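Quick notes on the structure that follows.
Only the coordinates and a few stated rules stand behind these numbers; no lab work does. Quick caveat: nothing in here was measured; it's all calculated off a predicted structure. When we count neighbours, we look across all protein chains shown, and the Cβ atoms used for this are built from the backbone with ideal geometry, even at glycine.
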Amino acid sequence: MNTMLQPHAHSPARAYAGAIFAVTVWGASFIATKIGVREVSPFTVMWLRFGIGVAVLAVAVAARGEFARPGRRDLLYFAGLGALGITLHQWLQATGLVTAQASTTSWIISATPLTMAVVGRIVLGERMTGRQLAGIALGAVGVLLVVSRGDWASIVRGSAGSVGDALVATSTVTWALFSVYSRRGLRRHRSAPMMLYVMASGWLLGSIPWLALGGPAELARLTPDAWTGIAFLGVLCSGLAYIFWYDALRALPAANVGALLYIEPLVTMAVAALLLGEAVTLPAIAGGAIILAGVRVATRRVVPVS
C-alpha cells in the first residue's frame, strides 16, 4: 500500500509538507478555474473537476480501507452538504470568476473565517466577542479596499467591484454554512469517505443543470490548456489536497495547520500575475494585508477553516 495514502502515517515534517501542498494548489485553483471558464460554462468546469475529484478520492479511500456503507439518513445528510458545499458553493465561485480577477477572488475567500464567525453567531447562537467584532470590521475594510481597487468613491457610487466579486463574496457564506453543518458528520465519520460521499452527491446534483444546459456539447471546445487546468483542479485540488489537508489535521495541532491558509492568497496573486497577467497593485496588497490582520484578530483562539 502507498504509505502516502495511509492514515496516521505522517511524520510532522511530512504532515506540514502535505498541508503546504494543499494550500498551494488551492491558491492556484482560482487561476485554473479562470482559464476553464474562458472557454466553457462554469457548470462544465465544475462537472469535469468534481467527476475527476470523486474518482481520485474513491481510489484513495479504497487504498486506505476506509470505505463504509452509510445509512439512509446519512446519505440524505451528505446530499444536503453536497448541494450546499459543492453544487451551489462551487457554482458561485466558478461563475464569479467569469468576471472577477483570480487574485481578487482569493483575497475575498481569505475572509471566510470572518464570515464563519457571523454564521456561527446567527445559526448556532455562538457568543461573539469584542475581538471578533473588531476583526470582522477590519476584514470588511480590507475586502472593500480590494474590490474597489482603492477607489473609495466607487463604494459610495455603488460601482465598486464586479458581479463576479459579489458572487465570490456570497460563496464565503455558503462555505461557512457548509463548515458549520459538516461538524456533526465529522464527529461520526472519517473525513476522507465523508468528503467522498459529499463530493459525489454534489457532482451528481450538478449533473442535472449541466445536462439540461447542453454541457456535453461544450467538451469539444476545450483546448489543451483548459484540459490541463481542469485535470489540475480534479486530481490535485479536489482529490489529493483534501486528503493531505485532513491527514495534517490529524497529525498536527489544528491552529498550526490553519495558519498555513494565510499562504493561499499570496500563491494566487503570484500565479495570476505569471499566467493571467493580472497586475499586482498596492490596493490589493494593502487590502489583503488588512483582511489577514482582521482574520488574525478575530480568530486568535479560533481555528481557521477553508
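Take the chain, mark every one of the trypsin sites (Lys or Arg not before Pro) that falls in a DSSP loop and has at most 13 other Cβ within 10 Å, then report the longest stretch left between them, sites excluded. The reported range is 128-299.
With r defined as the distance between the Cβ atoms of R296 and L274 and R0 fixed at 25 Å, what FRET efficiency is calculated, to the nearest 0.05?
Working: r = 27 Å, r/R0 = 1.09.
For R296 and L274, the calculated efficiency is 0.35.
Taking 7 Å steps out from each Cα toward its Cβ at A13 and Y181 produces label points 4.3 nm apart.
For a paramagnetic label modelled on T281 (point 7 Å from Cα along Cα→Cβ), amide N atoms under 19 Å away belong, within the stretch 110-136, to 110-111. Are there chymotrypsin sites (Phe, Trp or Tyr not before Pro) in the stretch 26-85 that DSSP puts in a loop and that have at most 15 other Cβ atoms within 10 Å, and which ones? When the chymotrypsin sites (Phe, Trp or Tyr not before Pro) of the stretch 26-85 are filtered for loop state and at most 15 Cβ neighbours within 10 Å, F67 remain. List every DSSP H helix in the chain whose Cα atoms extend 30 Å or more along the helix's own long axis and whose mean Kyte-Doolittle hydropathy is at least 1.0. Those that pass (Cα extent of 30 Å or more, hydropathy at least 1.0) are 12-37, 42-63, 191-212. If R0 equals 30 Å, the separation of the Cβ atoms of A63 and V173 corresponds to a calculated FRET efficiency of about 0.30. The fraction of Cα-Cα pairs per 20 angstrom bin, counted from 0 for the chain, comes to 33, 61, 6 percent, rounded to whole percents.
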